[in-house]
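Undergrad: For reference, the structure I am asking about is given below.
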Amino acid sequence: MPELLNHGIYDPTEVSRLLRLDPETLARWSTRWRRQEPLVAPTFGDIFSFYDLISLAVVRELWQRGVPRDEIHRGIEMLSRDFGTDRPFAHRRLATVGRSFFAELDEWVDAGKGGQGVFQVLIKPFLRPIEYDALGM
């Protein structure tokens, strides 16, 4: 199946099933909601790409770990800007501590707070990583 990696397309029903998400939750995350841009907008109109699926899986994990939507949104904006990609969650090392989420750049930063620096020696022992494969996906 490696030849199919990064080539899938998924309708909302399939994304909800694969990620075990309520369709209403998927709709809130993938459309404009309360004057906020979507966390992950479908790449092809109302059809999701593989990168969208991976990004939504990371959003789901952050949500389950208690990270507030506005911090997830701030983190997406910061990482998108810093890395020049609209799907930073599909490629980057992320972790959580409590209800905060962190991204590993040159060092760990609080992505939910827009890239605020943290005391590395204090935060590292408590980081709960979000698992990616050997290629960082």
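Undergrad: Given Pro42, Pro125, Pro88, Pro23, which one is surrounded by fewer than 14 Cβ atoms within 10 Å (Cβ to Cβ) and closer than 27 Å to Gly8 by Cα?
TA: On the way: Pro42 fails: surrounded by fewer than 14 Cβ atoms within 10 Å (Cβ to Cβ); Pro125 fails: closer than 27 Å to Gly8 by Cα; Pro88 fails: surrounded by fewer than 14 Cβ atoms within 10 Å (Cβ to Cβ).
Selected residue: Pro23, the only one of Pro42, Pro125, Pro88, Pro23 that is surrounded by fewer than 14 Cβ atoms within 10 Å (Cβ to Cβ) and closer than 27 Å to Gly8 by Cα.
Undergrad: Here's another thing I want to ask about it. Here is a check on your reading of the model: is Leu105 under 22 Å from Asp11 (Cα atoms) and surrounded by 13 or more Cβ atoms within 10 Å (Cβ to Cβ)? Lay out the reasoning, then the answer.
TA: Working: under 22 Å from Asp11 (Cα atoms): no; surrounded by 13 or more Cβ atoms within 10 Å (Cβ to Cβ): yes.
No.
Undergrad: Considering only region 14-38, state which residues are closer than 22 Å to Glu77 by Cβ, among the charged types (D, E, K, R) and more than 16 Å from the chain's Cα centre (by Cα).
TA: Once the filter is applied, which keeps residues that are closer than 22 Å to Glu77 by Cβ, among the charged types (D, E, K, R) and more than 16 Å from the chain's Cα centre (by Cα), region 14-38 yields Arg32, Arg34, Arg35.
Undergrad: Between a residue in region 47-69 that is on the phi > 0 side of the Ramachandran plot and any residue that is open to solvent by 40 Å² or more (accessible area, probe 1.4 Å), which pairs come within a Cβ distance under 9 Å, given they are 6 or more apart or on different chains?
TA: So the pair list comes out as Gly66/Gly98; Gly66/Arg99.
Undergrad: Okay, next question. Where residues in region 51-70 are closer than 18 Å to Leu21 by Cα and acidic (Asp, Glu), which of them is surrounded by the fewest Cβ atoms within 10 Å (Cβ to Cβ)?
TA: Glu61
Undergrad: Follow-up question, since we're still on this one. Of these, Arg35, Arg74, which one is without any contact (Cβ under 8 Å) to a residue 60 or more places away in the chain, under 25 Å from Arg99 (Cβ atoms), charged (D, E, K, R) and touching a helix residue (DSSP H, G or I) at 6+ places or on another chain (Cβ under 9 Å)?
TA: One residue alone meets the criteria, Arg74.
Undergrad: Of the residues that make up region 71-85, is at least one under 21 Å from Ile9 (Cβ atoms), at pLDDT 90 or above and either surrounded by 14 or more Cβ atoms within 10 Å (Cβ to Cβ) or not β-branched (Val, Ile, Thr) (or both)?
TA: no
The values are calculated or read from the model by the stated rules, or taken from the named source; none is laboratory data. Quantities reported herein were computed from a predicted structural model and do not represent experimental measurements. Every residue, glycine as well, gets a Cβ built from its backbone with ideal geometry; the counts of neighbours run over all protein chains shown. The area values use the complete protein model at the heavy-atom level, side chains included, leaving out ligands, DNA and RNA. Shrake-Rupley method; radii C 1.70, N 1.55, O 1.52, S 1.80 Å.
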